[in-house]
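The values are calculated or read from the model by the stated rules, or taken from the named source; none is laboratory data. In this text, all values refer to a predicted model and were calculated from it rather than measured experimentally. Heads up, the Cβs are rebuilt from the backbone with ideal geometry, glycines too, and the neighbour counts pull from every protein chain shown.
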Amino acid sequence: MTERADAARNRRRILDAAVRVLRTQGASALTADTVAKEAGVGVGTVYRRFENRARLVYELIEENETRFQEELAGHASEPPRERLRAFLHGMADLLEEQRALLLIAEASAPAARYLSRPYRTHHEQLTSLVAELTPTVDAAYLADLLLMAYTPGLFDHQRGERDWPLERIKSGLDTLVDGIARTTERPS
């Protein structure tokens, strides 16, 4: 079913307003009331469109996902190891960029992350990349382990409390890629 033009405009206004609220006022200000005021719509419009804060947050995350996938497409002709490295580094950059948003999502609906379209897409992509790099490993399991590095609370702790630079996290991910690439047979 095609979205009505006025509904599409309101959706865009609300999403743009949410981004502005995040940038100017921070994650704690991302409420239906604040976003509605910023968008110039009634709070009921926000709730009709997004039903709750978590749904709004996941919509914003999915918009960022589109850009991430477009950037990944630029690595399609590279060898599997380099594509896996580019994926993991790109994910670290994406998480850094939307850390506050992902923390809201994690707090609002902790298990929703694993059911979200971006997570399922990332898992499929990582499974494929790992299997292509090292066909003898349990690629789906390793994809889960690699995605654990992007748990918003852990990533925020590493960046905030531990004050680790993003390059340290990427270097650690490179070490994991090197280890996966060296694996030649499936463990029993």
- prompt: Which residue pairs have Cβ atoms under 7 Å apart, sit 6 or more places apart or on different chains, and have a first residue in the stretch 24-45 that is on the phi < 0 side of the Ramachandran plot and a second that is outside any helix (DSSP H, G or I)?
  reply: A36/G42
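Here is a yes/no grid of residues against (1) more than 20 Å from L101 (Cβ to Cβ); (2) outside any loop (DSSP other than H, G, I, E, B):
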residue	(1), (2)
L129	yes, yes
P135	yes, no
A143	yes, yes
L146	yes, yes
Y150	no, no
F155	no, yes
D163	yes, no
S171	yes, yes
G179	yes, yes
message: Looking for something over 27 Å from P165 (Cα atoms) and either basic (K, R) or modelled with pLDDT of 85 or more (or both) - is there at least one such residue anywhere in the stretch 99-113?
response: no
task: Report, ordered by the first and then the second residue, all pairs with beta carbons closer than 6 Å, sequence separation of six or more or different chains, a first member in the stretch 142-160 that is surrounded by fewer than 19 Cβ atoms within 10 Å (Cβ to Cβ), and a second member that is part of a loop (DSSP other than H, G, I, E, B).
output: Q158/W164
task: Would you point out the residue of the stretch 64-90, among those that are of a type in the set (D, E, K, R) and more than 15 Å from I180 (Cα to Cα), that is surrounded by the most Cβ atoms within 10 Å (Cβ to Cβ)?
output: E65
- prompt: Name the residues in the stretch 34-55 that are of a type in the set (G, A, S), out of contact with any Ser or Thr (no Cβ under 9 Å at 6 or more places or on another chain) and in a helix (DSSP H, G or I), would you?
  reply: G44
